[in-house]
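**Student:** A single structure is presented below for examination.
The values are calculated or read from the model by the stated rules, or taken from the named source; none is laboratory data. Because the structure is a prediction, the values reported are computed rather than measured. Please note: Cβ atoms are built from the backbone with ideal geometry, for glycine as well, and neighbour counts cover all protein chains shown.
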Amino acid sequence: MDWVDYQSLTTLLNSLIIQYESVMTPNVGLEEVWISTQETLAQIIPFYEKGNRIISFGFDSRLRRDGIVKTVKSGDAVLDIGCGPGTMSQSLSRYIGDVELMVLGDPLIPMLEAAKRSALNVNLHINCVFEYLPFKEEAFDVVMCGFSFRDARNYKEALGEFQRVLKNNGRLLIVDIGKSDNFLIRWFVGLYFRFIAGALIWIFLGVKKRSLYSKIYYTYRKYLTFNQLENLLKAQFKEVKIQQKMLGAAMIAVAKKQKTG
């Protein structure tokens, strides 16, 4: 059918799918599966870094590095929220060196204990969640999340807290899994996280750990597409830039707090 503009048809279908998903399944955060997700994360602490390296084919370290060198400066006060075992802060120390203030926060106390053993030059480890940060307003130059923002209970509330604790013109860095606006790419990446990632973990780490990593698929399903994330960021931040990586399977998002007062 020569009269069919397949490119325009594909664009229209993608647009309709995105609109349908936004109405029928609004992505506000993990909500009801947040507790079970935290329980899963607690179980993967002993092999957290190795597992991430396997399922990302080693790109997780590069993504952290690229995000950090674009965002963080040596004189900054930095909050690493959803810090896990301190992997993001380790990368910061490696590529930036010491900063003025380094604070690590995570909902899981065992993650913080792991971070205490691994991350260097940290001023404070604190048990907290994205949506309720126990810090005063304008306390940090940088808030960064390394493969953890998608695990927030409520994305909008989390971003509101990031905005509150950032100084004027402070920077937000989110390095995470990506969710394409293109339905076919989104389907393929979802297929990878649902089946292939678990198989890789089974091959390299053993069968008992496979089911734990397969649960990443469910956080991916509830996560924001690039367009949704960009719109949510632009509602509270300026100079929003989302860089898609690994054919849309990962991303680096950077934004600045809008100056107030």
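**Student:** Being closer than 23 Å to Cys83 by Cβ, part of a helix (DSSP H, G or I), of a type outside the set (Gly, Ala, Ser) and at pLDDT 90 or above is true for just one of Tyr220, Tyr213. Which residue is that? Break it down stepwise before answering.
**Tutor:** On the way: Tyr213 fails: at pLDDT 90 or above.
From the options Tyr220, Tyr213, the qualifying one is Tyr220.
**Student:** Here is a further query. If Ser74 satisfies every condition in (1) closer than 23 Å to Thr37 by Cα; (2) not in a helix (DSSP H, G or I) but one, which is the exception?
**Tutor:** Among (1) closer than 23 Å to Thr37 by Cα; (2) not in a helix (DSSP H, G or I), the lone unmet condition for Ser74 is (1).
**Student:** With the checklist (1) within 16 Å of the chain's Cα centre (by Cα); (2) surrounded by fewer than 16 Cβ atoms within 10 Å (Cβ to Cβ) in hand, flag the one item Tyr220 doesn't pass.
**Tutor:** If we test Tyr220 against (1) within 16 Å of the chain's Cα centre (by Cα); (2) surrounded by fewer than 16 Cβ atoms within 10 Å (Cβ to Cβ), just (2) comes out false.
**Student:** Counting just the residues of region 36-78 that are modelled with pLDDT of 95 or more and closer than 20 Å to His125 by Cβ, which one comes out nearest to the chain's Cα centre (by Cα)?
**Tutor:** Among them, the one singled out is Arg64.
**Student:** Within region 181-215, which residues are of a type in the set (Ser, Thr, Tyr) and either under 13 Å from Ile55 (Cα atoms) or under 19 Å from the mean Cα position of the chain (by Cα) (or both)?
**Tutor:** Tyr192, Tyr213, Ser214, listed by residue number.
**Student:** What are the residue pairs meeting all of these: first residue in region 27-42, first residue surrounded by fewer than 17 Cβ atoms within 10 Å (Cβ to Cβ), second residue basic (Lys, Arg) and in a helix (DSSP H, G or I), Cβ atoms under 9 Å, and 6 or more apart or on different chains?
**Tutor:** Hits for this filter: Val28/Lys156; Val28/Lys222; Glu31/Lys222.
**Student:** Mind listing whichever residues of region 223-233 are in a helix (DSSP H, G or I) and in contact (Cβ under 8 Å) with a residue 12 or more places away in the chain?
**Tutor:** If the condition is that a residue be in a helix (DSSP H, G or I) and in contact (Cβ under 8 Å) with a residue 12 or more places away in the chain, then Phe226, Asn227, Gln228, Leu229, Glu230, Leu232, Leu233 are the ones that fit.
**Student:** Looking at Lys156 and the list (1) part of a helix (DSSP H, G or I); (2) within 17 Å of Ile35 (Cα to Cα), which single condition is not satisfied?
**Tutor:** (2)
**Student:** Next up: Could you give every pair whose Cβ atoms fall below 7 Å, whose first residue belongs to region 47-70 and is under 18 Å from Val143 (Cβ atoms), and whose second residue is of a type in the set (A, V, I, L, M) and part of a helix (DSSP H, G or I), counting only separations of at least 6 or pairs across chains?
**Tutor:** The qualifying pairs are Arg64/Met88; Ile68/Leu92.
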